[in-house]
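Before any comments, here is the structure.
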Amino acid sequence: MAPASSVHTMKWARHFIERGDKVSLISFEDPVWEIPRLDFIKMKRLLNSSLDFALNVNKVKGILRDISPDILHAHYATDYGFLAAMTGFHPFIVSVWGSDIYITPKRSPFHRWLVKFNLSKADEVCSTSLAMAEEIKKYLGKARQINITPFGVDTDSFRGSDHIRGNKEIVIGTIKALAKGKGYGTDILIDIFAQLLKNFDFLRLKIVGDGEQKSELKAKTRILGVSDKVEFLGQIIHERVPEFLSKIDIYCCLSSSDNESFGVAPLEASSCGIPVIASHVGGLPEVIMDGDTGILVDPNKKEQIKDALEKLILDPEIRRKMGSNGRIFVKKNYEWRNNAAIMERIYQKYNAKNKT
């Protein structure tokens, strides 16, 4: 059970189908991809709210009786985790993704209890990063083992481009939802970019993402007089991300919140041989080696971010070296097939017998 609208959900589903397993995906959202042989079960929303998960417990119990899975795996410790916990099905695995552990428990005592309850019912708990695993322990207890299951990167798809850009133009890029109040730092990036243009008029900024903050950010570029140097590309499908990354020289991830639980996009940039400037928050320090594959910065210190960008702008050799080191780092630690094998071993603990 997981949001089918997420690329990460579909990557997991596709992996296990390709290795010969039967996968049934229960979701309230439509799939972002079409996957052959996927048994997709669309749930109907009744109130278009979180209450839909509670109202569908009996329906999901019936579905589980019909399909008789060997394992029930819920992604998110909140909505889908609650729905799975209430079915009473075992073995039950829950994967925590980020906001479900960094934000939801802090909303109220009830939400804190809810997350603790859902986690306590799981036979296995998975986290994408060590940093988030520490956060989970606040609600699960330090005695329970937490499996580290990174999302990983397909390094065959995310690889360096053969296209060699000249020194006449340097492109800075970022991929992030343009959402208000999330602290993703795209507004800060635009401010710093405008400052840098005063000395480096050959710079360009490309922003991938969509959301309610988009119009506000576009207005900011006009006010700062840099709109002709900034390109808003909107949301792009995951298959086109390597194409986007092949056109940039420096990747930025300036989130200011600790709920940046992992950092898939920065890893994808590293896999493509691009140096990364990222905030020293959440799980980002686990995927960016400071001074080796990129530069870690304090997201609240604009001058520090500006200095880091200047360093990479002025030295193409450092960009090349960090990019090369980044690809080596990803292949060694975050190759998708190797990370997916971790989940395979967790499943095998429960003698999953659903191979077709």
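Nothing in this text is a laboratory measurement; each read-out follows from the coordinates by a stated rule. These numbers come from a predicted model, not from an experiment. Quick reminder, even Gly has a Cβ in these numbers, built from the backbone with ideal geometry, and neighbours come from all protein chains shown.
Here are some notes:
- Nonlocal amide H pairs with Ser6, under 5 Å, H built at 1.01 Å: Val32
- Here the chain is treated with +1 on each Lys and Arg Cβ and -1 on each Asp and Glu Cβ, and its dipole about the Cα centre works out to around 680 debye.
- Among Leu233, Leu130, Leu267, residue whose mean-square fluctuation peaks in a GNM of the chain (springs only between Cα atoms under 10 Å): Leu233
- Backbone phi angles across segment 187-203, fed through the Karplus curve with coefficients 6.51, -1.76 and 1.60 (θ = phi - 60°), yield HN-Hα couplings of 5, 5, 4, 5, 4, 5, 4, 4, 5, 5, 4, 5, 10, 10, 6, 8, 7 Hz in residue order; Gly and Pro are listed as x.
- Gaussian network model of the chain, Cα within-10 Å springs - most flexible of Gly291, Gly273, Gly98: Gly291
- Positive end of the dipole of the chain (Cβ unit charges, origin at the Cα centre): among Leu189, Ile342, Tyr251, the Cα lying farthest that way belongs to Ile342.
- Prolate/oblate/rounded call for the chain, Cα gyration tensor, a/c under 1.5 rounded: prolate
- Each of Phe202, Val287, Ala219 was placed along the dipole of segment 170-333 (beta-carbon charges, centred on the mean Cα), and the one lying farthest toward the positive end is Phe202.
- For segment 170-333, the square roots a ≥ b ≥ c of the C-alpha gyration tensor eigenvalues yield an a/c under 1.5, which makes the shape rounded.
- Share antiparallel - DSSP beta bridges, the chain, percent rounded to 5: 5
- Computed from phi, the 3J(HN,Hα) profile of segment 306-318 under the Karplus parametrisation 6.51, -1.76, 1.60 (θ = phi - 60°) reads 4, 4, 5, 5, 4, 4, 6, 5, 7, 10, x, 5, 5 Hz, with x in place of Gly and Pro.
- The GluC sites (Glu not before Pro) of segment 91-176 that meet both conditions, a loop assignment by DSSP and at most 13 other Cβ atoms within 10 Å of the site Cβ, are Glu169.
- For the chain, built as a Gaussian network whose Cα springs stay under 10 Å, the top-fluctuating residue of Met132, Met43, Met322: Met43
- Global form of segment 225-308, assessed from the alpha-carbon gyration tensor, a/c cut-off 1.5: oblate
- Per-residue HN-Hα couplings for segment 118-126 [Karplus 6.51, -1.76, 1.60; θ = phi - 60°; Hz; x = Gly/Pro]: 4, 5, 5, 7, 7, 7, 9, 10, 10
- Across the chain, C-alpha contacts under 8 Å between residues 6 or more apart give a mean separation that, scaled by the residue count, equals a relative contact order of 15 percent.
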